[in-house]
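Undergrad: This is the structure, below, for whatever I ask next.
The values are calculated or read from the model by the stated rules, or taken from the named source; none is laboratory data. Computed from a predicted structure; not experimentally measured. Using ideal geometry, Cβ is built from the backbone for each residue, glycine included, and neighbour counts are taken over all protein chains shown.
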Amino acid sequence: MDYEGFVSSDEEFSGGEVEASLEAQPRSMDRGLKDRLLHKFGSHISSLKLEFSKKKKKGKLPKEARQTLLEWWNVHYKWPYPTEADKKILADSTGLDQKQINNWFINQRKRHWKPSESMQFGLMNNQPGQFYSDD
């Protein structure tokens, strides 16, 4: 018997959509499972998403490291810009990396240092460090 061109009765009545409905069945089962899981664990998932999305703040630097940086700051208060060599020494003595050293000095200058008028004038003329006075 020649089966070429033969159409099953299921295909004949469904318009050839038997395979498509079989594929859709697991999708609807997956959807139902997903809905049940979301209903049961949705609040946990939301809190985990929020926790993972928060930027982790490392917190304060160690007290000994801050004291070392403050000692350097107090000695060099008139021009608190450490050289690369100074930063290397500070990093070695505090156990911090140079990025932490740089950030600490940036924040410290923003929060606690106001250059004198003569320094500000010198900075505008690209002559840093030459105009501070001994007052």
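Undergrad: Do we find that A24 is in a helix (DSSP H, G or I) and at pLDDT 95 or above in this structure?
TA: No.
Listed here are the residues, each with its yes/no results for (1) assigned to a helix (DSSP H, G or I); (2) small (G, A, S); (3) at pLDDT 65 or above; (4) surrounded by 14 or more Cβ atoms within 10 Å (Cβ to Cβ).
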position	(1), (2), (3), (4)
Q100	yes, no, yes, yes
N103	yes, no, yes, no
N107	yes, no, yes, no
K110	yes, no, yes, no
F121	yes, no, no, no
Q127	no, no, no, no
F131	no, no, no, yes
D134	no, no, no, no
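Undergrad: Here is a further query. Is segment 71-88 home to any residue that is loosely packed, with under 14 Cβ neighbours inside 10 Å, closer than 30 Å to K34 by Cα and either modelled with pLDDT under 90 or not hydroxyl-bearing (S, T, Y) (or both)?
TA: The answer is no; no qualifying residue exists.
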